Amino acid sequence: MAGGAVPLDHSFTKGERLLKRVEFLAVTEGGKKLHTRSFIVFVRPNKLGLSRIGITVTKKVGSSVVRNRIKRVVREFFRLNKALIETGIDIVVIAKKEAVGKGLRDISLELGRALIPASKTPSHDMAHDMAGNMEEMRG
């Protein structure tokens, strides 16, 4: 890559997923509980040196199509933002009915506020300045 930039790892491996019921229960019973408008998020430290995520969407939220869409979007948020999320934590995201119909942008804002430390999130002004610079470059 030009300028010595380090490529970002946007993969989502099996090792980054909580798959077993025991893992989910360990996080929900022993973790810190965070509330957002559309999700309940549990966070618990692990000793693995990487963060893992598990997603739960019950039938109360909607049909299988709706539930799978929410899970896909939450996984995409994690995949794109895992470099900003604290390493060495297990995360369980439980969707509420309010998550139905939300896209990646809305879910990213909501989960980002809960999971990404303020020191790592770009400020609104910085994002606005970057957008302005892009417009200037286009001419």
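The values are calculated or read from the model by the stated rules, or taken from the named source; none is laboratory data. All of these numbers come straight from a predicted model, not from anything done at the bench. Cβ atoms come from the backbone with ideal geometry, glycine included; neighbour counts cover every protein chain shown.
Applying the selection to the stretch 28-68, what residues are over 21 Å from Ala83 (Cα atoms) and among the β-branched types (Val, Ile, Thr)? Of everything in the stretch 28-68, those that are over 21 Å from Ala83 (Cα atoms) and among the β-branched types (Val, Ile, Thr) turn out to be Thr28, Thr36, Ile40, Thr56, Val57, Thr58, Val61, Val65, Val66. Residue by residue through the stretch 6-29, note down the ones that are surrounded by 11 or more Cβ atoms within 10 Å (Cβ to Cβ), in contact (Cβ under 8 Å) with a residue 60 or more places away in the chain and closer than 20 Å to Lys71 by Cα. Selection gives His10, Phe12, Glu16, Leu18, Glu23, Phe24, Val27, Thr28. Going by what's in this entry, would Gly139 be described as surrounded by 11 or more Cβ atoms within 10 Å (Cβ to Cβ), among the small types (Gly, Ala, Ser) and either over 24 Å from Thr13 (Cα atoms) or modelled with pLDDT of 95 or more (or both)? So Gly139 does not fit the description; no. You will find that of Lys32, Lys97, the residue that is in contact (Cβ under 8 Å) with a residue 12 or more places away in the chain, over 12 Å from the mean Cα position of the chain (by Cα) and more than 23 Å from Gly15 (Cα to Cα) is Lys97 and no other.
Conditions (1) surrounded by 15 or more Cβ atoms within 10 Å (Cβ to Cβ); (2) part of a helix (DSSP H, G or I); (3) modelled with pLDDT of 95 or more, marked per residue:
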{"site": "Val74", "(1), (2), (3)": "yes, yes, yes"}
{"site": "Leu80", "(1), (2), (3)": "no, yes, no"}
{"site": "Val92", "(1), (2), (3)": "yes, no, yes"}
{"site": "Ala114", "(1), (2), (3)": "yes, yes, no"}
{"site": "Met130", "(1), (2), (3)": "no, yes, no"}
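Could you count how many residues in the stretch 35-70 are within 24 Å of Val22 (Cβ to Cβ) and in contact (Cβ under 8 Å) with a residue 40 or more places away in the chain? Number satisfying all stated conditions: 14. One residue stands out among those in the stretch 36-60 that are in a loop (DSSP other than H, G, I, E, B) and touching an Asp or Glu at 6+ places or on another chain (Cβ under 9 Å): the one that is surrounded by the fewest Cβ atoms within 10 Å (Cβ to Cβ), which is Arg37.
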